[in-house]
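Chemist: I'd like to ask some things about the structure below.
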Amino acid sequence: MNTIIISVENLSLEAEILDTPTGRAILKALPIESSANVWGDEIYFDIPISLEKEPDAREVVAVGDLGYWPVGSAFCIFFGPTPVSQGEAPQAYSPVNIFGKVLGDAKAFKTVEDGSLVRVEKV
């Protein structure tokens, strides 16, 4: 299993990276530091890779899912409804490649504020 640590301010959570083209590309690009954008119960941030949408990319995701947003070259962490959600399930603005899952309580990311420094690195 490929494990990473996502750190924002005084919060650090581990996540599992799936063996997908997107997951492998993100692992190869680590470590990454960026500035958090908060959109409902989603954090997203720019990363220095550009990937295409995978065949199984989707908009409706699960709490704790990690997604790559091809339109914005962004790493997304979903932990609840977003402004476009039709219910309680997180929903991306447009299809994302799911490449991992937060291990632990993803809702802890609710404390993250816009502009916070995010660091993602291998364990």
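The values are calculated or read from the model by the stated rules, or taken from the named source; none is laboratory data. Keep in mind that what you see is a predicted model, and the values were worked out from it rather than measured. Reconstructed Cβ throughout: ideal geometry from the backbone, glycine too, with neighbour counts over all protein chains shown.
Chemist: Tally time: how many residues in segment 21-39 are in contact (Cβ under 8 Å) with a residue 24 or more places away in the chain and farther than 11 Å from LEU66 by Cβ? If you could, list the steps in order and put the result at the bottom.
Modeler: Restricting attention to segment 21-39, the residues satisfying the condition of being in contact (Cβ under 8 Å) with a residue 24 or more places away in the chain are 21-23, 25-27, 30-39.
After this cut, where a residue has to be farther than 11 Å from LEU66 by Cβ as well, the list is 21, 25, 27, 30-39.
Selection size over segment 21-39: 13.
Chemist: Follow-up question, since we're still on this one. Restricting to segment 92-123, name every residue that is surrounded by 20 or more Cβ atoms within 10 Å (Cβ to Cβ) and part of a strand (DSSP E or B). Step through it out loud before you land on a result.
Modeler: Of segment 92-123, the ones surrounded by 20 or more Cβ atoms within 10 Å (Cβ to Cβ) are 92, 96-100, 102, 106, 109, 118, 120.
Scanning segment 92-123 gives ALA92, VAL96, ASN97, ILE98, PHE99, GLY100, VAL102, VAL118, VAL120.
Chemist: While we're on this one: In segment 1-53, how many residues are at pLDDT 95 or above, among the charged types (D, E, K, R) and more than 17 Å from LYS101 (Cα to Cα)?
Modeler: So the answer is 5.
Chemist: Please give the strands (runs of 3 or more DSSP E) falling wholly within segment 1-53 in which 3 or more residues are crowded, with 19+ Cβ neighbours inside 10 Å and of a type outside the set (Gly, Ala, Ser).
Modeler: Working: elements: 2-8, 11-17, 32-35, 42-46.
Here the list reads 2-8, 42-46.
Chemist: What are the residue pairs meeting all of these: first residue in segment 93-109, first residue over 22 Å from LEU27 (Cα atoms), second residue hydrophobic (A, V, I, L, M, F, W, C) and assigned to a strand (DSSP E or B), Cβ atoms under 7 Å, and 6 or more apart or on different chains?
Modeler: Sorted first by the residue in segment 93-109, then by its partner, the pairs are ALA108/LEU11; ALA108/LEU13.
Chemist: Same structure again: Do you know which of the residues in segment 72-91 that are of a type in the set (A, V, I, L, M) and under 14 Å from the mean Cα position of the chain (by Cα) is surrounded by the fewest Cβ atoms within 10 Å (Cβ to Cβ)?
Modeler: Quick first cut of segment 72-91, residues of a type in the set (A, V, I, L, M) only: 74, 77, 84, 89.
Of the ones still in play, those that are also under 14 Å from the mean Cα position of the chain (by Cα) are 74, 77.
Values: ALA74: 19, ILE77: 26.
Once the filter is applied, the top-ranked residue is ALA74.
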